[in-house]
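To keep things clear, I will list the structure first and then write my remarks on it.
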Amino acid sequence: MTLFLVFISCKNVTNKETEQVQIVVDSTGLKIETVEKNSGNLRLTSFLENPIDLQDFKSKKKQSLSTVMNGKEYYLNPKINDSILYLYSFLPNVPFQSKIEQLEIVVFKFGKNKHSWEDNTEILIELNVKAQDINLGKANLVGLSKTELESEFGTEYLTFDNAIVYSNKNRVLIVEFSDSKIKSYNYIKLNTEKIDKDLIGQIIK
């Protein structure tokens with residue numbers, strides 16, 4: 001029988017760090033592992049893992065323009081037969097906004113529900129957001145300042161022209177600024193974990 005005990009203590013609060021000590025007790029003896037994590041990075045990792053609740057977002061929007069599209073070579077492409085990519089285009093939930101292309105979502109769909117609006121199996125591939133929308137919840141980033149973004153996600157990012165790039169594994173968040181405010185962003189699930197300026201340049205060109 002294995003027993004896990006986890007103790008968390010605060011350390012250097014000004015740097016928003018915590019020290020997590022995990023004690024594992026089993027038949028072979030005692031093992032202690034210590035890991036320091038930055039809370040900003042934890043929030044970033046959580047966001048990149050699941051930026052929106054896709055089905056909840058769609059239920060609030062109720063409808064969209066939907067088209068089948070070709071994939072981009074850097075997209076995550078699950079090896080599943082009978083699959084397609086859909087592009088959903090939504091009207092942002094802000095006053096005086098009439099450009100439906102301001103909020104687009106790409107999803108990977110497969111199987112018998114691949115042409116269905118209510119599809120719990122569809123996989124989010126990309127968010128392309130150029131306007132504020134309260135329905136996005138924590139992904140409602142447009143309009144935030146760079147300082148606010150860094151406070152939420154930390155300062156470990158690539159800089160590319162007037163954009164900054166956060167990443168974790170095969171997920172990337174490309175944020176474009178205008179006058180120190182977020183103008184737009186792209187969230188993408190990639191087919192690689194090698195994220196460099198060449199790849200980012202390919203995405204935003």
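If ASN128 satisfies every condition in (1) touching an Asp or Glu at 6+ places or on another chain (Cβ under 7 Å); (2) farther than 16 Å from TYR185 by Cβ but one, which is the exception?
All conditions are met except number (2).
Which numbered condition in (1) under 25 Å from GLY143 (Cβ atoms); (2) open to solvent by 70 Å² or more (accessible area, probe 1.4 Å); (3) at pLDDT 70 or above is the only one that SER98 fails?
(3)
So LEU76 fits all but one of (1) within 26 Å of TYR166 (Cβ to Cβ); (2) hydrophobic (A, V, I, L, M, F, W, C); (3) loosely packed, with under 13 Cβ neighbours inside 10 Å; what number is the exception?
It fails just one condition, (3).
Could you please find all residues in the range 188-205 being open to solvent by 20 Å² or more (accessible area, probe 1.4 Å) and part of a strand (DSSP E or B)?
Listed by number, the list holds a single entry, LYS189.
If we scan the range 72-80, do we find a residue that is modelled with pLDDT of 90 or more and part of a strand (DSSP E or B)?
So far as the range 72-80 goes, yes, one or more of its residues are modelled with pLDDT of 90 or more and part of a strand (DSSP E or B).
Scan the range 137-187 residue by residue and report those that are open to solvent by less than 30 Å² (accessible area, probe 1.4 Å) and part of a helix (DSSP H, G or I).
ALA139, LEU149, PHE153
The values are calculated or read from the model by the stated rules, or taken from the named source; none is laboratory data. Just so we're clear, the structure is a prediction, and the values are computed from it rather than from any experiment. Don't worry about glycine lacking a Cβ; one is built from the backbone with ideal geometry, like all the others, and counts go over all protein chains shown. Protein only, heavy atoms only, side chains kept; ligands, DNA and RNA dropped before computing areas. Shrake-Rupley method; radii C 1.70, N 1.55, O 1.52, S 1.80 Å.
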